Each structure stands twice: as structure tokens, then as C-alpha cells.
Amino acid sequence: MPSLPLDPLSLKSAAKALTTQAKACNALARAAEAGDPKRLAKAALLAEKAGSTDLAALVAGAQAWLEAERTGRRQRLAEGLKAGAEAEGFPLVVVSRDPLELRLAPLGASIDVENDRAELTFGRCPVATCRAEAGAMLAARAKAVASLEGKNWNPADFHRALFRSWRRTRDEENNDWVSLAALLPELALARQPKAFRVDPQATKFVPYPRAQFTYDLWRLRRDAALSLDGWRLSLGPATGDSTRDKQRVFFVEDAAGQGQYQLTIRFSKESA
């Protein structure tokens, strides 16, 4: 039997190269379908490393698209967000241009255009991250606002729950002022469903994050419910060095998205 004019090691090497090239092509195809700049950039790099001259034209096309997409990204983002805000009826405000910060009421947005990343916040707490693309940001905003609003908001119920938690944690020798950081876990426990109270396991615990707490304080003012049952809620602002400890202070916004860090809370009896 004559020997095969093929080297098994060379064939295996060629097969490995073809497999790598196939993976690169599939990655380029999926990234192109998604229109995702980060994925396309990564796929183009993979294809380039595959070292196939057959992929050279695809790599060049991907790189040209990336450059064009990067150049026009900021303008498309601005136009898309403006159109979306007008269509959905919420204010869009440019807070700063470098770094790019916007207000997509009632949320804030910090945007890294170059790296195609946006972070949505409320009360300077992150509530969502997404691509720096208008459609993605509008969808993330809608989802985050819906989550913060919830389904069963009742300002009177929240005011009373807050009052009960304050009364359990207050220090009468300190003019009834209570640290917001001390009150938050007390309020979170008070909000737990019956299932958790019957069997307090982590899987049955319903989270109550800082962003939700500051949102509830914000909409208590929004709904003109700071006073109820003869008791008025007041917040004590953080001053001096106390503002540096971000675990103890809470940034409570006003209607325009401005505001200040608050440190304490109390309820005072209103005169008849």
C-alpha cells in the first residue's frame, strides 16, 4: 500500500485553523445581526487573528462600519432620546456634556458614549445599565420607572409605615431625630409579606433597596403627603463631613432632579 501523501499533523493544524475561521465567521454574523458595536469589534478581532485571507474583506468591512458607527453615535443618541422623550412625554435635560449626564425624568443617566454604556440612577443610586443607544435607554428607563412605581403605591400607607418605623427607632433625648440609615432596615422588615413572617428565610425576603427608599420619599412629597394624621415628616440634611459617608446619607431629589443629602428623619405633631 503506497503511503498517503498527506501529513496527519498538517491536516489537524489545517482543520484547527478552519474551525477557528468558522467560529470567527459565525461570531461576525451574529454580531452583524444584533448590530452591537462591542460584539462586532470583538468578532472582528477574532476574525483578524484567524489569519485567513478569505476573511480580510469581512474584517475590513466590519472595521469600516465600526468607525462610521462610532463617529455618528453621539448624534444618533441625542436625536433618538429627544424623539423618545417627546413621544413619551417626559422632560429630557442635559445636566453636563463632559462627562455626559442627562435627566430622563425622573431618572438620571450617566453615559459613556465611547464605550457604549449608560447607567440610569435615582437618588444617585444605580437602577439599570444598558447600551448607550436611544432605544435601549428608553426601554431601560421605562422598566426601571415601572419597577420603582410598583403596583400598590399608597402614600398614606407609606407615611404610616414610616411613622411606625420611626417611632420604634427614635431617641427622645436627641429631639426625636432618627438616622435614615438606622430606620431603613426597620422599615424593610416591616414591609415583609406574611410568608416571610411565618417562615423567615432568605428566599422569602422581599428586598427594599436604597433607590426604592429614596424614590418613596420623593413621591411622598410629589403626592403632597408629608403630613398625615396630625404628624408631619421632616428630613435633616447632612452637613460637613457627614456627606462623605455615602452609606449613612441619602440623596433625596426634588421635582427637578436637584436635591441634597439627607441624614436624619423625624415626625412632629402639628398644631390643631
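What is the residue count in segment 57-101 for residues that are modelled with pLDDT under 85 and closer than 15 Å to Arg117 by Cα?
Of the residues in segment 57-101, 2 are modelled with pLDDT under 85 and closer than 15 Å to Arg117 by Cα.
For Val127, are the conditions met, namely being part of a strand (DSSP E or B) and farther than 28 Å from Arg39 by Cβ?
Judged against the criteria, Val127 is not a match.
Just one of (1) in a helix (DSSP H, G or I); (2) closer than 21 Å to Leu220 by Cα trips up Ala139, so point out which.
It is condition (2) that Ala139 fails.
Of the residues Arg170, Arg117, which single one is in contact with a Cys (Cβ under 9 Å, 6 or more places away or on another chain) and basic (Lys, Arg)?
The unique qualifying residue is Arg117.
Report, by residue number, each residue of segment 139-175 that is of a type in the set (Phe, Trp, Tyr) and more than 17 Å from Ser234 (Cβ to Cβ).
Scanning segment 139-175 gives a single hit, Trp153.
How do the pairs read when you match residues in segment 74-103 that are without any contact (Cβ under 8 Å) to a residue 24 or more places away in the chain and under 16 Å from Thr121 (Cα atoms) with residues anywhere that are of a type in the set (S, T, N, Q) and part of a strand (DSSP E or B), using Cβ under 7 Å and keeping only pairs 6 or more apart or on different chains?
Final answer for the pair search is Pro99/Ser110; Glu101/Ser110.
Quick one: count up the residues across segment 233-258 that are open to solvent by less than 30 Å² (accessible area, probe 1.4 Å), outside any strand (DSSP E or B) and under 21 Å from Leu104 (Cα atoms).
1
For segment 104-114, name all the residues that are closer than 14 Å to Leu77 by Cα and touching a residue at least 40 places away in the same chain (Cβ under 8 Å).
If the condition is that a residue be closer than 14 Å to Leu77 by Cα and touching a residue at least 40 places away in the same chain (Cβ under 8 Å), then Val113, Glu114 are the ones that fit.
I'd like the residue in segment 125-141 that is open to solvent by 20 Å² or more (accessible area, probe 1.4 Å), more than 9 Å from the chain's Cα centre (by Cα) and among the hydrophobic types (A, V, I, L, M, F, W, C) and, out of all such residues, is farthest from Ala78 (Cα to Cα).
Ala139
Does Ala109 meet the test of being outside any strand (DSSP E or B) and either in contact with a helix residue (DSSP H, G or I) (Cβ under 9 Å, 6 or more places away or on another chain) or modelled with pLDDT of 95 or more (or both)?
So Ala109 fails the test.
Among the numbered conditions (1) out of contact with any strand residue (DSSP E or B) (no Cβ under 9 Å at 6 or more places or on another chain); (2) surrounded by 13 or more Cβ atoms within 10 Å (Cβ to Cβ), tell me where Val93 comes up short.
Tallying (1) out of contact with any strand residue (DSSP E or B) (no Cβ under 9 Å at 6 or more places or on another chain); (2) surrounded by 13 or more Cβ atoms within 10 Å (Cβ to Cβ), Val93 fails exactly one: (1).
Search segment 142-159 for residues being more than 20 Å from Ala190 (Cβ to Cβ) and of a type in the set (Gly, Ala, Ser), and hand back the single one that is surrounded by the most Cβ atoms within 10 Å (Cβ to Cβ).
Here the residue is Ala144.
For segment 81-116, which positions are polar (S, T, N, Q) and over 18 Å from the mean Cα position of the chain (by Cα)?
Correct list: Ser96 only.
Scan segment 115-132 residue by residue and report those that are under 21 Å from Ala83 (Cα atoms), touching a helix residue (DSSP H, G or I) at 6+ places or on another chain (Cβ under 7 Å) and in contact (Cβ under 8 Å) with a residue 60 or more places away in the chain.
Passing the criteria: only Asp116.
For residues in segment 114-124 being open to solvent by less than 20 Å² (accessible area, probe 1.4 Å) and assigned to a loop (DSSP other than H, G, I, E, B), which is modelled with the lowest pLDDT?
Asp116
Please work out which one of (1) in contact (Cβ under 8 Å) with a residue 60 or more places away in the chain; (2) crowded, with 16+ Cβ neighbours inside 10 Å is the condition Tyr261 fails and give its number.
Of everything listed in (1) in contact (Cβ under 8 Å) with a residue 60 or more places away in the chain; (2) crowded, with 16+ Cβ neighbours inside 10 Å, Tyr261 misses just condition (1).
The values are calculated or read from the model by the stated rules, or taken from the named source; none is laboratory data. All figures in this text were calculated on a predicted structure; none of them were measured in a lab. Virtual Cβ from ideal backbone geometry, glycine too; neighbours counted across all protein chains shown. In case anyone asks, the SASA skips ligands and DNA or RNA and just uses the protein heavy atoms, side chains included. Shrake-Rupley method; radii C 1.70, N 1.55, O 1.52, S 1.80 Å.
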